[in-house]
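Presented below is the structure to which this report refers.
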Amino acid sequence: IAGTPFAQVHVDDCDYLSTAALWMGQVDKRSKNTRVLVNAANFFIHRDKDLAVDFFKKALILDPKNQDIQHQLAHLWTLFDGHEEQALAQMEETCKGPDSEDLFYQMSGLPSTALAAGNIDTAISAATKLLELSEKYRTNWNYGSAVNKAHTVLGRVALKNGDIEGAKRH
């Protein structure tokens with residue numbers, strides 16, 4: 001379970017530095033193992049985002065089509081102020097492919113990420129696509145959240161454009 005939330009060491013724990021050193025040792029020994037790289041990235045995600053990005057990128061070099069790693073890197077970029085464009089680019093990469101339940105999950109963050117990056121057209125397009133996918137997956141546990149996220153973005157865009165009635169509808 002190393003690398004899962006159950007095995008995390010909080011950034012203020014006195015054992016953080018020794019655990020970080022152990023992770024670095026594992027990365028050195030197993031630098032071609034994507035699971036080790038991803039788990040190490042997840043360990044460092046709150047304390048050393050740059051190192052986490054580096055580990056995710058190395059994992060993607062080894063497995064460039066791994067959408068889970070792409071999605072995790074996209075999420076990490078959203079945690080960096082000033083990196084909205086990187087977050088959007090990475091998230092758009094994860095949202096390619098045919099309609100599927102996986103795409104439905106991955107698309108959930110795209111509208112707000114596009115809006116944060118200032119790309120209004122992509123925000124609208126992604127929100128609209130998310131609403132279309134929501135109708136297809138109405139019984140999915142993520143349905144309500146996805147609909148809320150899409151309408152929130154569309155409402156914010158309408159408000160930004162001075163369309164108060166449109167914002168109210170969304």
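Filter the helices (runs of 4 or more DSSP H) completely within region 13-80 down to those with at least 2 residues that are under 17 Å from the mean Cα position of the chain (by Cα) and surrounded by 15 or more Cβ atoms within 10 Å (Cβ to Cβ).
In region 13-80, 34-44, 49-62, 67-78 are the helices (runs of 4 or more DSSP H) which contain 2 or more residues that are under 17 Å from the mean Cα position of the chain (by Cα) and surrounded by 15 or more Cβ atoms within 10 Å (Cβ to Cβ).
What is the one condition in (1) surrounded by 14 or more Cβ atoms within 10 Å (Cβ to Cβ); (2) among the charged types (D, E, K, R); (3) in contact (Cβ under 8 Å) with a residue 24 or more places away in the chain that Asp99 does not satisfy?
Of everything listed in (1) surrounded by 14 or more Cβ atoms within 10 Å (Cβ to Cβ); (2) among the charged types (D, E, K, R); (3) in contact (Cβ under 8 Å) with a residue 24 or more places away in the chain, Asp99 misses just condition (1).
Is there any pair with a first residue in region 138-165 that is under 17 Å from Leu110 (Cα atoms) and free of Cβ contacts under 8 Å to residues at least 60 places away in the same chain and a second that is open to solvent by 70 Å² or more (accessible area, probe 1.4 Å) and assigned to a loop (DSSP other than H, G, I, E, B) whose Cβ atoms are under 8 Å apart and which are 6 or more apart or on different chains, and what are they?
Hits for this filter: His151/His170; Thr152/His170; Leu154/His170; Gly155/His170.
Would you call Lys129 among the basic types (Lys, Arg) and either more than 16 Å from Thr152 (Cβ to Cβ) or buried (at least 19 other Cβ atoms within 10 Å of the Cβ) (or both)?
Spelling it out, it is not the case that Lys129 is among the basic types (Lys, Arg) and either more than 16 Å from Thr152 (Cβ to Cβ) or buried (at least 19 other Cβ atoms within 10 Å of the Cβ) (or both).
Every residue, every condition in (1) under 27 Å from Ala127 (Cβ atoms); (2) of a type in the set (Asp, Glu), yes or no:
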residue	(1), (2)
Leu51	no, no
Phe56	yes, no
Asp68	yes, yes
Leu73	yes, no
Leu79	yes, no
Gln86	yes, no
Glu93	yes, yes
Ser100	yes, no
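Out of Ala123, Ala150, Ala117, Ala158, report the one residue that is modelled with pLDDT under 95, under 23 Å from Glu84 (Cα atoms) and of a type in the set (A, V, I, L, M, F, W, C).
After applying the criteria, what remains is Ala117.
The values are calculated or read from the model by the stated rules, or taken from the named source; none is laboratory data. It should be emphasised that the depicted structure is a prediction, and the values quoted were computed from it without experimental measurement. Glycine gets a Cβ as well: all are built from the backbone with ideal geometry, and neighbour counts include every protein chain shown. Just so you know, the surface numbers come from the protein's heavy atoms only, side chains and all, with ligands and any DNA or RNA stripped out. Shrake-Rupley method; radii C 1.70, N 1.55, O 1.52, S 1.80 Å.
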